[in-house]
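The values are calculated or read from the model by the stated rules, or taken from the named source; none is laboratory data. In this text the structure is predicted, and so the values were computed from the model without any measurement. Positions of Cβ are generated from backbone atoms using ideal geometry, with glycine treated the same way; all protein chains shown enter the neighbour counts. Side chains are part of the model used for accessible areas, which takes the heavy atoms of the whole protein and leaves out ligands, DNA and RNA. Shrake-Rupley method; radii C 1.70, N 1.55, O 1.52, S 1.80 Å.
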Amino acid sequence: MSTLSFDLETVIDTLADKGWVVIPHALSGEITANLRAACLDVWQQGLFHEAATGRGDGQARRSEIRADSVLWLDKVAALPAVQAYNAAMDDIMHGVNRGLYLGLAELESHFAVYPEGAFYKKHLDRFKDDDARTLTTVFYLNEGWPQDAGGQIRLYLDADCHEFIDVEPEAGTLVLFLSDRFWHEVLPARQQRLSVTGWYRRRGGSVPW
Ligand code: OGA
Ligand code: MN
């Protein structure tokens with residue numbers, strides 16, 4: 001049985017048409033709640049590290065650009081909640097490959113915690129020296145995120161960044177967009193903000209660790 005709570009074909013059509021899609025209630029409430037609990041658990045165990053920008057020699061902690069902390073899911077792949085998430089993301093990958101011929105081969109993803117006040121300035125997700133990241137996925141884990149708590153992802157819809165949408169990081173919402181095409185940022189969060197961010201990679205790219 002599919003783990004997805006939405007119509008994959010509709011999502012693929014939207015992606016093919018626009019290059020981005022926002023899916024509320026993308027996974028079951030149970031998977032989402034379990035993933036949230038797992039994220040908080042490993043956060044409290046102190047397993048996260050402060051996020052860096054760039055990769056390889058160009059990698060650096062630049063808190064004026066981003067102020068979140070992350071934990072790569074391959075470090076906690078045995079957790080049932082992470083396995084359920086990976087199974088769902090696998091279904092999406094196969095559907096997208098059937099519909100869009102992107103040749104996606106694998107997903108790399110991490111939990112991210114934005115402490116109160118944290119943000120991530122406007123950026124593109126593709127590294128200068130590695131073009132394997134193809135489709136960005138962000139899945140939010142915040143039950144009842146308040147309207148006035150900031151923390152939205154601002155996704156710019158055109159290359160000049162004139163037009164944008166803001167998406168609340170509400171639990172269950174999944175955002176997908178082409179990694180090399182869409183500038184985006186995370187507006188300052190006024191309270192702790194949890195998510196799983198990932199990138200589907202095409203075959204042939206090197207892994208950044
Ligand atoms: C990222 C990112 C967006 C979000 O980690 O590269 O842009 O909403 N995250 O968390
Ligand atoms: Mn990003």
Anchor K18: aspartates and glutamates whose Cα lies under 15 Å away (excluding residues fewer than 8 positions away in-chain): E9, D158, E163, D180
Estimated FRET transfer efficiency when R0 is 30 angstrom, pair R55-A33 (beta carbons, to 0.05): 0.40
Using alpha-carbon positions, what is the distance between the centroids of the stretch 151-184 and the stretch 1-33, in Å? 16 Å
Karplus couplings for the stretch 69-83 from phi (6.51 cos²θ - 1.76 cosθ + 1.60, θ = phi - 60°), rounded to Hz, Gly and Pro as x? 10, 10, 9, 5, 5, 5, 6, 10, 5, 7, 5, x, 5, 6, 5
Suppose every K and R has +1 on its Cβ and every D and E has -1 on its Cβ; what is the size of the dipole of the stretch 1-136 about the Cα centre, in Debye to the nearest 20? 420 debye
Calculated FRET efficiency for the pair Q83/D17, C-beta based, R₀ 35 Å, to 0.05: 0.65
If you count, for each residue, the other Cβ atoms within 10 Å and average over each peptide, how do 97-103, 178-184 line up from highest to lowest? 178-184, 97-103
Applying the gyration tensor rule to the Cα atoms of the stretch 40-143 (axes a ≥ b ≥ c; rounded if a/c under 1.5, else prolate if a/b exceeds b/c, else oblate), the class is oblate
Can you give me the long-range amide H partners of Q192? Hydrogens built in the peptide plane at 1.01 Å from N, cutoff under 5 Å, separation of 5 or more residues or another chain. E116
For the chain, built as a Gaussian network whose Cα springs stay under 10 Å, the top-fluctuating residue of V42, V196, V96: V42
Rounded to the nearest whole Å³, what is the per residue volume of the convex hull around the Cα atoms of the chain? 122 Å³
Where the centre of each part is set by its Cα atoms, how far does the stretch 35-108 sit from the stretch 114-139, in angstrom? 11 Å
Spatially proximal aspartates and glutamates relative to K75 (Cα-Cα < 19 Å; intrachain offsets below 8 disregarded): D41, E50, D90, E106, E108
If you build a Gaussian network model of the chain, linking Cα atoms that sit under 10 Å apart, which residue out of Q83, Q59, Q191 swings the most? Q59
Using just the helices of the chain, give the 222 nm mean residue ellipticity in deg cm²/dmol: DSSP H runs with n ≥ 4 each add -39,500 (n - 2.57), and the total is spread over all residues, rounded to 500. -7500 deg cm²/dmol
Along the Cα-to-C-beta direction of L47, a point sits 7 Å from the Cα; which residues of the stretch 71-109 have their amide N less than 18 Å from that point? 71-87, 108-109
How much FRET efficiency would the formula 1/(1 + (r/R0)^6) give for K122 and R202, where r is the Cβ-Cβ distance and R0 is 22 Å, rounded to 0.05? 0.35
Where the chain is the region considered: accessible area per residue in Å², 1.4 Å probe: 48 Å²
